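Read-outs throughout are calculated quantities, based only on the coordinates presented, and are distinct from any laboratory measurement. Here the structure is a predicted model, which means the values were calculated and not measured. Note: ideal-geometry Cβ built from the backbone for every residue, glycine included; neighbour counts use all protein chains shown.
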Amino acid sequence: MDYFAHETAVIDDNCQIEKGTKIWHFSHIMSNCKIGENCNLGQNVVVSPDVILGNNVKVQNNVSIYTGVICEDDVFLGPSMVFTNVINPRSAVNRRGQYQKTLVKKGASIGANATIVCGNDIGEYAFIGAGAVVTKEIPAYALVVGNPSKQIGWVSEYGHRLVFDEQGFAICKESGEKYQLKNNQVEKI
């Protein structure tokens, strides 16, 4: 085993878990999921069948990642944040064949207690504030907060708010990264 799993963690058969990953207390890793290198899955995390986590994904305590979710490299999932995978759940109706996909792209961060309604992808390096309820697609580098979530700005790959000048350019003061805002989309330059 090239990864660490606490003795209370349950890991089902046919999981692919890469080197350097740590799985902590009372977590359940279900069959056929793929977990990349150097991930950290906190206490009481559930990873459902067929979920894919890229490299260096950080999952804080009490997060369930349901079938249909894919997280690319360097994603941060805050404590007790929530994914859904069925748009119209009913206890008496089996909708296992209707799971919707949610893609969380490289470097995105999702804050504590946020909810991601299934079928809404999160763009690269987007930042979802604590407690936000995402009900639509989130563009790359977007900063969103509230219920339902509303975009209030843009963030750098470093994670700091960007302020664009009249020509649509911004520099992250902490990292020196340069960005351009064009047609309501941000690109790193």
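Looking at Ser109, is it of a type in the set (S, T, N, Q) and touching a residue at least 40 places away in the same chain (Cβ under 8 Å)?
Considered against the rule, which asks whether it is of a type in the set (S, T, N, Q) and touching a residue at least 40 places away in the same chain (Cβ under 8 Å), Ser109 comes out as yes.
Scanning the range 99-139 for residues that are surrounded by 17 or more Cβ atoms within 10 Å (Cβ to Cβ) and of a type in the set (Asp, Glu), which turns out farthest from Phe83 (Cα to Cα)?
Glu124
So Val145 clears everything in (1) of a type outside the set (S, T, N, Q); (2) closer than 21 Å to Ile70 by Cβ; (3) within 22 Å of the chain's Cα centre (by Cα) except one condition, right? Which one?
(2)
Taking the criterion of being surrounded by 17 or more Cβ atoms within 10 Å (Cβ to Cβ) and of a type in the set (Gly, Ala, Ser), would at least one residue in the range 17-38 satisfy it?
yes
Which one of these is assigned to a loop (DSSP other than H, G, I, E, B) and out of contact with any Ser or Thr (no Cβ under 7 Å at 6 or more places or on another chain): Asn55, Asn38?
Going through Asn55, Asn38 in turn, the sole match is Asn55.
Considering only residues that are more than 18 Å from Ala108 (Cα to Cα), part of a loop (DSSP other than H, G, I, E, B) and not aromatic (Phe, Trp, Tyr), which ones fall in the range 146-180?
Hits for the range 146-180 are Asn147, Pro148, Val163, Asp165, Glu166, Gln167, Gly168, Lys173, Glu174, Gly176.
Name the residues in the range 129-142 that are under 21 Å from Ser64 (Cβ atoms) and either in contact (Cβ under 8 Å) with a residue 40 or more places away in the chain or in a loop (DSSP other than H, G, I, E, B) (or both), would you?
Gly129, Ala130, Gly131, Ala132, Thr135
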